[in-house]
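Structure record follows, encoded as structure tokens.
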Amino acid sequence: RDAHVDNILFDDRDGAEPAVILDWQIMGKGKGVYDLAYFLISSLSPGDRREIEASMLERYHAALLRAGVRDYGLDQCRRDFLAAVVGKLYVTVVATALLDNSTPHKTLYRRTDLTRLLAFCADHRIDADTLGFMLG
């Protein structure tokens, strides 16, 4: 629920662990594709996200199939990817309202994160009506 570049250490050497997740504060059970959506929304500029989003989603889905996941088509994976924006919106609002964001780094991060989230919503035509539909 909080996969973004500030919570991951990347190792550019030839180590066995190319990335390590640091922050488990708001972990929870959910669909793995949500982490992909959160990471792409929060960690990449809208332009970079747009450039790789479709291929990353296809690669993620292909990895699921190779790992033995069945009865989960690419179309459903795409729908779940888009539905992740509901949770991302929740996390962004809670983090902005309840956490200490007074440092210049956190202020800039929150502003950038919200800008990226809004760009994702615009790119996928997700508005208040769509969010209501996704929530059921």
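Among the criteria (1) open to solvent by 70 Å² or more (accessible area, probe 1.4 Å); (2) modelled with pLDDT under 85; (3) of a type outside the set (Phe, Trp, Tyr); (4) under 22 Å from Phe120 (Cβ atoms), the one Gly30 does not fulfil is (1). Any residue at all in the stretch 73-84 that is modelled with pLDDT of 95 or more, open to solvent by less than 60 Å² (accessible area, probe 1.4 Å), farther than 18 Å from Asp123 by Cβ and not in a helix (DSSP H, G or I)? Yes, the stretch 73-84 contains a residue that is modelled with pLDDT of 95 or more, open to solvent by less than 60 Å² (accessible area, probe 1.4 Å), farther than 18 Å from Asp123 by Cβ and not in a helix (DSSP H, G or I). Look at the stretch 27-55: where a residue is within 15 Å of Arg79 (Cβ to Cβ) and a partner is at pLDDT below 85 and open to solvent by 40 Å² or more (accessible area, probe 1.4 Å), sitting 6+ places away or on another chain with Cβ atoms under 9 Å, you get Gly30/Arg1; Tyr34/Arg1. Of the listed requirements (1) closer than 27 Å to Val20 by Cβ; (2) over 14 Å from the mean Cα position of the chain (by Cα); (3) small (Gly, Ala, Ser), Ser45 misses just one: (2).
The values are calculated or read from the model by the stated rules, or taken from the named source; none is laboratory data. Treat the numbers as computed from the prediction; the structure is a model and nothing was measured. Please note: Cβ atoms are built from the backbone with ideal geometry, for glycine as well, and neighbour counts cover all protein chains shown. When the accessible area is computed, the model is the full protein with side chains, heavy atoms only, and any ligands, DNA or RNA have been set aside. Shrake-Rupley method; radii C 1.70, N 1.55, O 1.52, S 1.80 Å.
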